[in-house]
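Everything below concerns the one structure shown next.
The values are calculated or read from the model by the stated rules, or taken from the named source; none is laboratory data. A quick note: this is a predicted structure, and the numbers were derived from the prediction, not measured. Cβ placement follows ideal geometry from the backbone for every residue including glycine, while neighbour counts extend to all protein chains displayed.
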């Protein structure tokens with residue numbers, strides 16, 4: 001999720017909209033209610049460059065939105081190839097998409113006065129507003145789609161972003177029973193252009209978990225405003241909530257504080273289907289139940305806290321976000337300070353087929369610890385998605401050598417691919433780091449005390465992209481003697497090694 005960069009890319013789009021027959025209604029939801037339209041929209045073809053991880057914006061034309069005023073009550077975003085099939089997440093995936101209303105406003109807007117409508121990440125959580133409420137939409141609203149499509153391969157391709165909406169036309173009798181809600185953006189880094197934080201392996205508490213910002217070693221806000229907090233400007237009832245996390249994420253918590261008392265009112269819990277546990281995108285998050293409500297008062301402080309697993313790996317560029325849907329000046333929900341508000345939600349979907357390839361099976365590269373031929377060097381060049389010298393794939397070649405650096409000295413890495421979008425990292429992984437690539441392999445789990453990460457070597461909008469805005473990086477001079485294996489966490493099939501002696 002990021003700040004809208006200056007240049008907005010207009011995308012020619014097509015939309016397919018159709019109302020479908022209703023089925024039996026589920027209590028507390030709009031599911032099966034007669035009069036609710038089920039609409040589908042899609043962008044035109046989006047060109048995905050080789051290996052890209054950049055953030056872009058598209059202006060959403062009228063053809064990609066409902067044709068009349070009304071209420072949006074459900075949203076499900078996705079990404080597909082042009083033939084409609086969904087790519088495997090370890091090949092192409094929607095790192096994030098945020099649909100923004102440039103004509104709207106929210107007291108808790110993440111940037112300026114632009115109103116977030118809904119978002120999607122690799123976990124593909126479905127947004128659902130409970131029966132009786134809806135997000136008020138006008139056909140004159142100006143929508144912007146902020147997207148980050150991640151290409152794990154060196155091959156160009158084309159995709160579409162797709163989103164399904166459940167919609168109630170304002171002209172219908174059903175709309176008379178809808179109370180408008182406003183989206184409130186809660187973020188542990190609210191206001192940052194690229195709102196991320198790192199979690200080091202073995203950090204946090206004795207339970208192997210790290211909660212941000214609570215367990216940060218230094219004040220992450222540098223004595224300034226606490227970006228994870230927001231003061232309510234008026235009495236209101238929160239009617240829905242849904243969270244976003246990255247791999248390794250366990251939960252997003254929303255607390256409300258009144259005076260000296262704090263209550264937990266919502267928890268977006270991650271459920272991992274990956275046998276390896278909380279280490280991949282094979283995950284679903286809980287959203288609030290249809291009957292969940294929480295009444296808050298003007299002056300109450302809402303806060304978000306995000307917890308990650310720190311046992312199995314380090315995690316870089318993490319996010320912790322929850323979108324709340326709030327009915328202003330309505331006080332019909334239970335007051336969490338007077339009665340119990342159940343914070344537990346429910347999963348919006350189960351395991352997705354595009355997350356099937358976990359990796360970690362079968363050796364695909366030589367073991368660099370057994371490499372006998374070495375060459376003394378000071379520089380490793382990253383070119384054509386290989387580390388030269390030291391790429392594990394090159395070790396199959398006769399005469400290939402492993403780079404060696406003297407203890408107490410650094411090895412310099414230089415990205416010589418297109419640094420405007422082909423960004424690479426040098427991130428330690430557990431030796432020999434030579435198994436099959438998947439969504440949970442390799443991991444940033446180098447030997448304790450010797451972990452390092454270069455950031456994403458490349459250039460992008462300052463503060464509004466994952467790029468480190470440099471093309472070079474040096475290894476620490478404190479590395480002990482031994483063979484070190486690493487990978488690119490943007491393109492995890494890229495593996496390399498070097499030796500210190």
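Side notes on the structure shown:
- The one condition in (1) closer than 30 Å to residue 454 by Cβ; (2) buried (at least 16 other Cβ atoms within 10 Å of the Cβ) that residue 362 fails to fulfil: (2)
- Yes/no for residue 271 being closer than 18 Å to residue 336 by Cβ, surrounded by fewer than 20 Cβ atoms within 10 Å (Cβ to Cβ) and in contact (Cβ under 8 Å) with a residue 40 or more places away in the chain: no
- Number of positions in segment 331-357 that are in contact with a strand residue (DSSP E or B) (Cβ under 7 Å, 6 or more places away or on another chain) and more than 26 Å from residue 260 (Cβ to Cβ): 8
- Qualifying position, being more than 24 Å from residue 79 (Cβ to Cβ), modelled with pLDDT of 95 or more and not assigned by TED's automatic domain parsing to the domain that holds residue 444, among 250, 165, 245: 250
- Residue check, residue 340 over 22 Å from residue 187 (Cβ atoms), at pLDDT below 95 and part of a loop (DSSP other than H, G, I, E, B): yes
- Residue that is nearest to residue 312 (Cα to Cα) [pool: residues in segment 203-212 that are touching a strand residue (DSSP E or B) at 6+ places or on another chain (Cβ under 9 Å) and part of a loop (DSSP other than H, G, I, E, B)]: 208
- Answer from 84, 97 - the residue that is surrounded by fewer than 16 Cβ atoms within 10 Å (Cβ to Cβ), out of contact with any helix residue (DSSP H, G or I) (no Cβ under 6 Å at 6 or more places or on another chain) and under 30 Å from residue 437 (Cβ atoms): 84
- Residue 307 vs. criteria over 23 Å from residue 225 (Cα atoms), crowded, with 23+ Cβ neighbours inside 10 Å and either in contact with a strand residue (DSSP E or B) (Cβ under 6 Å, 6 or more places away or on another chain) or not assigned by TED's automatic domain parsing to the domain that holds residue 236 (or both): no
- Check on residue 489, more than 20 Å from the chain's Cα centre (by Cα) and outside the structural domain of residue 57 (by TED's automatic domain parsing): no
- Taking the numbered list (1) without any contact (Cβ under 8 Å) to a residue 40 or more places away in the chain; (2) in a strand (DSSP E or B) in turn, residue 198 passes all entries but (1).
- Candidates 368, 328, filtered to the one that is surrounded by 15 or more Cβ atoms within 10 Å (Cβ to Cβ), modelled with pLDDT of 95 or more, more than 17 Å from residue 264 (Cα to Cα) and not assigned by TED's automatic domain parsing to the domain that holds residue 94: 368
- Taking segment 222-297 and the strands (runs of 3 or more DSSP E) fully enclosed by it, the elements with 1 or more residues that are under 15 Å from the mean Cα position of the chain (by Cα) and at negative phi are at 236-245, 249-258, 261-272, 283-287.
- Members of segment 170-195 that are within 18 Å of the chain's Cα centre (by Cα), part of a loop (DSSP other than H, G, I, E, B) and surrounded by 18 or more Cβ atoms within 10 Å (Cβ to Cβ): 188, 189, 190, 192, 193, 194, 195
- Residue in segment 370-382 that is touching a residue at least 12 places away in the same chain (Cβ under 8 Å), under 31 Å from the mean Cα position of the chain (by Cα), under 26 Å from residue 155 (Cα atoms) and assigned to a loop (DSSP other than H, G, I, E, B) present: no
- Subset of segment 438-453 (residues that are within 20 Å of the chain's Cα centre (by Cα) and surrounded by fewer than 24 Cβ atoms within 10 Å (Cβ to Cβ)): 438, 441, 453
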